[in-house]
1. Check Ala79, Ala38, Ala74 and return the single one that is open to solvent by less than 10 Å² (accessible area, probe 1.4 Å) and either among the hydrophobic types (A, V, I, L, M, F, W, C) or in contact with a strand residue (DSSP E or B) (Cβ under 6 Å, 6 or more places away or on another chain) (or both).
2. Open to solvent by less than 20 Å² (accessible area, probe 1.4 Å) and either in contact with a strand residue (DSSP E or B) (Cβ under 7 Å, 6 or more places away or on another chain) or on the phi < 0 side of the Ramachandran plot (or both): which single residue out of Leu114, Leu55, Leu133 fits that description?
3. Right, Thr56: farther than 16 Å from Gly8 by Cα, of a type outside the set (Phe, Trp, Tyr), touching a residue at least 12 places away in the same chain (Cβ under 8 Å) and in contact with a Leu (Cβ under 8 Å, 6 or more places away or on another chain) or not?
4. Confirm whether Gly185 is of a type in the set (Gly, Ala, Ser), open to solvent by 40 Å² or more (accessible area, probe 1.4 Å) and in contact (Cβ under 8 Å) with a residue 24 or more places away in the chain.
5. Quick one: in region 140-164, which of the residues that are part of a loop (DSSP other than H, G, I, E, B) and in contact (Cβ under 8 Å) with a residue 24 or more places away in the chain is surrounded by the fewest Cβ atoms within 10 Å (Cβ to Cβ)?
6. Please go through (1) closer than 19 Å to Glu106 by Cα; (2) open to solvent by 50 Å² or more (accessible area, probe 1.4 Å) for Leu15 and return the number of the only condition it doesn't satisfy.
7. Quick one: which strands (runs of 3 or more DSSP E) sit completely within region 1-58 and have at least 1 residues that are within 16 Å of Leu114 (Cβ to Cβ)?
Amino acid sequence: MRIVIAGGHGKIAQLLGRLAVDRGDEVVGIVRNPGHVADLSALGVTGVVRDLEGLTAGSDGPDVLAGDLRGADAVVFAAGAGPGSGAARKDTVDRAAAVLLADAAERAGVPSFLLVSSIGVDRVRDGATPEDLDEVFVAYLRAKLAAEEDLLARPGLRVVVLRPAGLLDDPATGRVRLDPAVDGGTVPRADVAAVALGLLDRLVADGSPARVLGLESGQTAVADAVAGA
C-alpha cells in the first residue's frame, strides 16, 4: 500500500510508519516541522512539510494538500494540537485539520481514511459538559467528536474511527479489546499502531470494519481482533 499519515512525527504515527515500511509499504508522513523529516527518513518514511493548521485558513488548502495524497491507498489522521495547547487549537488542529485532510482525500481520489480519535468523546455529545473535566480537555473531546461526525457523514470515503484508551509507552502486548463499547482502560501505543495497520488493510481490501471502534488492552490477538471488527 501507499499510506499517507498526517501528524507523521507523532508517537503512534512513527510506530505505524515503521510497521508499514518493514513489511514493504510506501509511507509518507506529513509534518509541520522541517526538523522532523530526518527522523522519518531514518524509519524509511518520506517526510512532507505542510502546516495543516495554516492550510485550514485558506480556500485552496484542500487542493494544495490533495497533491500530496494522490496515488495513496489510504490516509491516516494522527495529528493533534498536543499537550499544553489551548482550547482554540484543539479546534483548529483536532477538528479543522482532520476535515481539511478529508476534503483533500476526496479531491485526490483516496478511498480509505483512518481517523485516530479518543475514547470519551461521547461524554460531550449533544453539548454535554462533564464537570470532572477541565475546559481544555472538553474542547479536545468536542473537536474529536466533530471531526468524527464530519468524516462519517461522507459517502465518498471509507472511514474507520479508532478511539484508543489511555495511551502508554509500554512495549506491545499483541493482545487487545477492539470494540465500539470500549470506554476506558489503557493501551500501549505500539498496539494502537498494529491495530491501525490491520484496519487499513481491511479498509483497502473490503471496506467492511465497524465504522467506530474503541481500543484497550485485552485478551484477543491483534490479528483476530481486527478480523472480527
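1. Numbers: Ala79 fails: open to solvent by less than 10 Å² (accessible area, probe 1.4 Å); Ala38 fails: open to solvent by less than 10 Å² (accessible area, probe 1.4 Å).
Result: Ala74 is the single residue among Ala79, Ala38, Ala74 that is open to solvent by less than 10 Å² (accessible area, probe 1.4 Å) and either among the hydrophobic types (A, V, I, L, M, F, W, C) or in contact with a strand residue (DSSP E or B) (Cβ under 6 Å, 6 or more places away or on another chain) (or both).
2. On the way: Leu55 fails: open to solvent by less than 20 Å² (accessible area, probe 1.4 Å); Leu133 fails: open to solvent by less than 20 Å² (accessible area, probe 1.4 Å).
The match here is Leu114.
3. Values: farther than 16 Å from Gly8 by Cα: yes; of a type outside the set (Phe, Trp, Tyr): yes; touching a residue at least 12 places away in the same chain (Cβ under 8 Å): yes; in contact with a Leu (Cβ under 8 Å, 6 or more places away or on another chain): yes.
For Thr56, the condition - farther than 16 Å from Gly8 by Cα, of a type outside the set (Phe, Trp, Tyr), touching a residue at least 12 places away in the same chain (Cβ under 8 Å) and in contact with a Leu (Cβ under 8 Å, 6 or more places away or on another chain) - is met.
4. Numbers: of a type in the set (Gly, Ala, Ser): yes; open to solvent by 40 Å² or more (accessible area, probe 1.4 Å): yes; in contact (Cβ under 8 Å) with a residue 24 or more places away in the chain: yes.
Criteria met by Gly185.
5. So the first thing to find is which residues in region 140-164 are part of a loop (DSSP other than H, G, I, E, B), and the list is 153-157.
The next check asks that each one be in contact (Cβ under 8 Å) with a residue 24 or more places away in the chain; those that pass are 154, 156-157.
Working: Arg154: 15, Gly156: 12, Leu157: 18.
Among residues in region 140-164 that are part of a loop (DSSP other than H, G, I, E, B) and in contact (Cβ under 8 Å) with a residue 24 or more places away in the chain, the one surrounded by the fewest Cβ atoms within 10 Å (Cβ to Cβ) is Gly156.
6. (1)
7. Counting at least 1 such residues, we get 2-6, 26-31.
The values are calculated or read from the model by the stated rules, or taken from the named source; none is laboratory data. All values derive from a computational prediction rather than experimental measurement. Cβ sites come from the backbone with ideal geometry, for glycine too, and all protein chains shown count toward neighbours. For accessibility, only protein heavy atoms count, side chains too; no ligands or nucleic acids. Shrake-Rupley method; radii C 1.70, N 1.55, O 1.52, S 1.80 Å.
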